[in-house]
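First comes the structure, then the notes that go with it.
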Amino acid sequence: MRSVLWQELTAEELREKAAKDAVVVLPVASMEQHGPHLPVGVDTILCGGVCRLAAERAGDVEVVVAPTLWCGMAEHHMAFGGTFTFDIPTYRAVLLALLKSIERHGFHRVVIVNGHGGNIAALAAFLPDFARETSLQVRATTYFLLAQEAMAPFMDDQVSVLHACEVETSMMMVLAPETVRSERLAEAFGMLGADLTALTRPTVGRYQPFREMTQTGVIGDARKATPAKGTAFLDAAANALAKLLSDRGGQG
């Protein structure tokens, strides 16, 4: 089977994809600290992996997965080191440049698939600009929110993806097991028992860097991660995204 990955196709094959009105999946992620046990590329590895699996499961819909944008909005992780971040104008400009490149090659439909919580607000704010400044049909989703209900049954004591947690660590054990520092898992927990609803949906917003919330850089408990859970989480995420892509290419 021919690859679904943009970077593995020839220019001629990509022109053929455009002629078939293929959906372009644009993964966007981050490069940031993920505690003592995971590499800084977690969000990029996981988002790209979920998008590839979903594209391969999208049925009759033509899909091509663009290279993952590995830098995003990650100021809140900078104090830990190892992190890159955009500011808002730069992030908007980079995304718009990528979309315009896709548009110039004859594609019409793009699904931006996000793999980093810090990008969510910015992407929502940019969608009107993308609609005004391109002719593309652009949709955006965050894969772990799209699949939250399907992933929840496999979680021990959390109901959503947190940070460097049971879920992300389990998926990394499957997609990039050689990068998981298993000898550091005993330290990989933080904010256990905290009111995470107040953290993720505050009534009054304020900027709070991760260093003030968790000394380990972890929110959740990675000690409960297993490869078996990772496979279940990946399947749930990929199937939810594949369903979105199959539903008129995510343009429903």
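No lab work stands behind these numbers, since they all come straight from the coordinates. Keep in mind that this is a model prediction, so the values were computed, not measured. Using ideal geometry, Cβ is built from the backbone for each residue, glycine included, and neighbour counts are taken over all protein chains shown.
Extents of the range 95-170, taken as max minus min of Cα coordinates on every principal axis and listed largest first, are 46, 20, 18 Å. Taken along its three principal axes, the alpha carbon spread of the range 195-235 comes to 38, 22, 15 Å, from the longest extent down to the shortest. Run through all the Cα pairs of the range 133-251 and give the fraction in each 5 Å bin from 0, expressed as whole percent. Result, from short to long distances: 2, 11, 18, 19, 17, 14, 10, 6, 2, 0, 0 percent. Gyration tensor over the Cα atoms of the range 6-250: the corresponding equivalent ellipsoid has semi-axes (square roots of 5 times the eigenvalues, largest first) of 30, 20, 16 Å. Using a Gaussian network for the chain with springs between C-alpha atoms less than 10 Å apart, which of these wobbles most: SER101, SER30, SER160? Looking only at SER101, SER30, SER160, the largest GNM fluctuation is found for SER101. Comparing ALA22, ALA124, ALA140 in a Gaussian network model of the chain where C-alpha atoms under 10 Å apart are linked, the largest mean-square fluctuation is found at ALA124. If you run the Gaussian network model on the chain, springs between alpha carbon atoms under 10 Å, then out of PRO128, PRO209, PRO177 the most flexible one is PRO128.
Taking max minus min of the alpha-carbon positions on each principal axis, the range 1-143 gives extents of 46, 35, 22 Å, largest first. Of all segments of the chain bounded by chymotrypsin sites (Phe, Trp or Tyr not before Pro) found in a DSSP loop with no more than 14 other C-beta atoms within 10 Å, the longest spans 85-206. Normalising the average separation of contacting C-alpha pairs (under 8 angstrom, six or more residues apart) by the number of residues puts the relative contact order of the chain at 26 percent. Database remark: amide H of VAL23 closer than 5 angstrom to the amide H of GLU62, VAL63, VAL64 (H placed geometrically; neighbours at sequence offset of 5 or more, or on other chains; Pro and chain starts carry no H). Computed from the C-beta positions of ALA11 and GLU149 and an R0 of 51 Å, the FRET efficiency is 0.80 to the nearest 0.05. Here the simple spin-label model places points 7 Å from the Cα toward Cβ, and for HIS108 and TYR207 these points are separated by 4.2 nm.
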